Each structure stands twice: as structure tokens, then as C-alpha cells.
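Read the structure below first, then the notes.
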Amino acid sequence: MQIKVTKTTTPAEMPAEDKLGFGKVFTDHMFMMDYEEGKGWYDARIVPFGRIDLHPASTVLHYGAEIFEGLKAYRRADGGVQLFRPMENIRRMNRSAERMSLPLLDEDDALTILTEFVKLEERFVPRSFGTSLYLRPFMFGNDETLGVHAVKRATFMLIASPSGSYYAEGINPVKIMIEDEDVRTVRGGTGYAKCGGNYAASTRAGERAAKKGYSQVLWLDGVERKYIEEVGAMNVMFKIDGEIVTPKLTGSILPGITRMSCIEVLKGMGYTVSERLLSVDELVQAMQDGRLEEAWGCGTAAVVSPIGKLAYGDKEYEINDGKIGEVTQKLYDVLTGIQWGKLEDTFNWVYKL
């Protein structure tokens, strides 16, 4: 793949690493590539970061024809840079594209785009443990017509944001509210796709939870309103009677790459991992009986996020005395150790630039 590069004439300064936050600062450049039915992808280019021009009738603005991904570039102690399972993000993006009737990406081309872009922006990969260069590939339909149909024109883009440590003040278990009104998505819908509409639809419940003092919501399925699905924008796992239980992928749950990695690490540690339906009644009973030993969310941003309290209805249950559990801590240590190059990558997950 040939990528035309136009470098910025006004390079930005890298902010202090303790001031980065998340998604607030962007690198000097962005990648763009266009698609047209019958022509395929064309005009791959890296240009200075800036605003984009869209026709007012553009498909994405009216019908939400959009998908995205999220992954990170990590700085190793030796100064090198690496990605974590990037091909899994590329494959998931194609699954999302297929669901939203957007064009697919060639896997090898997509990997070339990621690596060449990160090489160009390498100075923005921070050095402190826990920091990273967050990569946001996204695609949207931009047909200039109001007709509802499969996308015939699209744009693929990649932007990047140097990001601070998610746990700058240490890993503190969060309070979660089980949501019994809104649902995130349903089987047969777009739950397994990483599209913006799923996230927009989840914010109302999240805001209600925040007003009550909770960090996020634990979603129930949209059909029977009884089975656990995700926590906020992350997958979720529970340790019940020594067994690790995580909701199985039924089509309404995002197949998380961190989730997949957690399962592989846990099995390697000798834990039994069950991917199955878990009802809210079973979960509440386990909390009441003291059999719920640990609970955590898992995703790209946080890696793992321990849950210290769960609320359902008018009752609140404390998990593991409100402290991070042994398994949760082990997962965090192993995954971050591999991601930042502190531990040997025995799984062959790391892609070194």
C-alpha cells in the first residue's frame, strides 16, 4: 500500500505526561482514505490534523453509518514501541463494517496503516508506565443523498491521542448500579458491532447512575431483561464460588479484545472460565450468600476495573470488602506487564514496530 504523507508545518509540543488525561490532546497528523463502490479504497494519505469537510446530506449525519475501534501503542522500557493484538482490532472492525453495510478493509493494508502512522507520530507515545498513545480508527458513510441504502461512498480515518494513566491515583474499586429500565442493545441488533449509536443510547442510563453516586451501569439483556450483559462500555466478569463467569457472546455483547485476553490468561492460571448466561437473580443470590468473591469490568481503556459495590433496586451489596480482588489484580499485572513490555509475551500478542 502506498501512503502519501504531507507533514505539518506547525508541530505541536508534547504536553507533560501527568497532564494528558484521555482524548483531549491529539497528534500532528491524521490518516484518511476514501472508498467508492466499483472503485474500492483509494487516495491513502497522512495529512496535518484538522477539520474535515462533510456534505450536509452525508449518510453518517442522518443514518449513523459509522464504526470505530480503540487500541493503544505502548512505550517499552528500552524505548521501543509496540501494539497489543492489533489484528484483532482490525478483524473486529471488519465485522462491525459488515453489520453496518460499510466497506471492509484489507487486513494487511489496515496493519500497514496503523504501523506507518504510529512510526510517524512516535514522539507522541509517552514514556511513563500506564500512559499510552490511544489510536482511534473510524469509518463513516458519506453518500451525498438522503436515500436510505447500503453505503456507496465512505471514508476511513485514523487519529491518535497521547493519554495519561487510567489509574493515576491507584486502582480504586467502583460503585455500579444494575440498570433495569434502558437497555444497551438487543440480539439481532448492533450490540456486537462497535458503532457510535450503541454508545449514544447508553449515556442516559449512565447519567442517571452518576446522579445517584454510581460510576456506571450494569446492563441487562434487551429481550428478557434478566441476564447480565456488559458494565458501562466494558465487558464484565465475576468470580463466584472460585469459578470465573462472564456473559457469553449472544450477539448483543461486544466481543472485547481485553475480554478475550483475560479469558486466555485466566485459563493459563488454571481457573475455570464459564461463558454462559448469568441472570441478575443468580448474581444477587450469590451476593446475598457471600459467594460472589470478585467482580470487574475489562476493556481497552482501563484494562480491568474492579467493582466494589453493586446496587440493584433499593439494595446495595459490597464485594470483597470494597477492595480489589486477588484475581483482578493478577489480570491487571499480567496484561499491563505484557502491554508495556515488562513481562515476557508468552501468548505472542505483541506487535513490535
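Each value in this text was obtained by applying a stated rule to the coordinates, not by laboratory testing. Model, not experiment: these values are computed from the prediction. Virtual Cβ from ideal backbone geometry, glycine too; neighbours counted across all protein chains shown.
With the simple spin-label model, which puts each label point 7 Å out from Cα in the Cβ direction, the ARG51 to ALA77 separation comes to 4.7 nm. Placing a pseudo-label 7 Å from each Cα along the Cα-to-Cβ vector at ALA168 and LEU146 gives an inter-label distance of 4.6 nm. Each Lys or Arg adds one and each Asp or Glu takes one away; over the other residues whose Cβ falls under 15 Å from the Cβ of ARG204, this sums to -1. For the stretch 1-100, the set of GluC sites (Glu not before Pro) satisfying both a DSSP loop assignment and a count of at most 12 other C-beta atoms within 10 Å is given as GLU13, GLU37. Among the trypsin sites (Lys or Arg not before Pro) found in the stretch 76-181, those both in a DSSP coil and sparsely packed, with 13 or fewer other Cβ atoms within 10 Å of their Cβ, are ARG127.
Calculated mean residue ellipticity, 222 nm, the chain: -7000 deg cm²/dmol, from DSSP H runs (n ≥ 4) at -39500 (n - 2.57) each, averaged per residue and rounded to 500.
Output the DSSP H helices from the chain with an along-axis C-alpha extent of no less than 15 Å and a mean Kyte-Doolittle hydropathy no less than -1.0.
107-120, 257-268, 326-339
Taking 12 Å as the straight-line reach from the Cα of LYS226, the aspartates and glutamates in range (excluding those fewer than 8 positions away in the same chain) are GLU179, ASP180, GLU181, ASP281, GLU282.
Relative intensity of the stretch 174-339 on a log10 scale, I(q)/I(0) at q = 0.13, 0.16, 0.21 Å⁻¹, equals -0.56, -0.88, -1.59, per a Debye sum over C-alpha point scatterers of equal strength in the absence of solvent. Taking amide hydrogens as placed 1.01 Å from N in the peptide plane, the amide H of HIS29 sits under 5 Å from those of PHE49, each at least 5 positions away in sequence or on another chain. Think of the stretch 1-137 as having a plus end and a minus end, set by charges on the Cβ of Lys, Arg, Asp and Glu; of PRO15, SER58, ASN94, PRO15 sits farthest toward the positive end of this dipole.
With the charge dipole of the chain set up from +1 on Lys and Arg Cβ and -1 on Asp and Glu Cβ about the Cα centre, the Cα lying farthest toward the positive end among the listed residues TYR312, TRP349, PHE49 is that of PHE49. Applying the criteria of a DSSP loop state and at most 12 other Cβ atoms within 10 Å to the GluC sites (Glu not before Pro) of the stretch 208-292 yields GLU224. If I take R0 = 22 Å and measure r between the Cβ atoms of SER279 and ASP321 in this structure, what FRET efficiency does the formula 1/(1 + (r/R0)^6) give, to the nearest 0.05? Efficiency at R0 = 22 Å is approximately 0.30. Note on THR272, THR258: ascending count of other Cβ atoms within 10 Å places them as THR272, THR258, the fewest first. Pair-distance distribution P(r) for the stretch 63-127, from all Cα-Cα distances in 5 Å bins starting at 0: 3, 16, 24, 21, 15, 11, 7, 3, 1, 0 percent. Magnitude of the charge dipole for the chain, about its Cα centre and with charges confined to Cβ atoms of Lys, Arg (+1) and Asp, Glu (-1), is about 480 debye. Across the chain, the convex hull enclosing all Cα atoms gives 142 Å³ per residue.
Computed from point charges on the beta carbon alone (+1 for Lys and Arg, -1 for Asp and Glu), the dipole magnitude for the stretch 1-81 about its Cα centre is near 240 Debye. Cβ under 14 Å from ALA193's Cβ, ALA193 left aside: what net charge do those residues give with Lys, Arg +1 and Asp, Glu -1? Counting the neighbours of ALA193, the net charge comes to +3.
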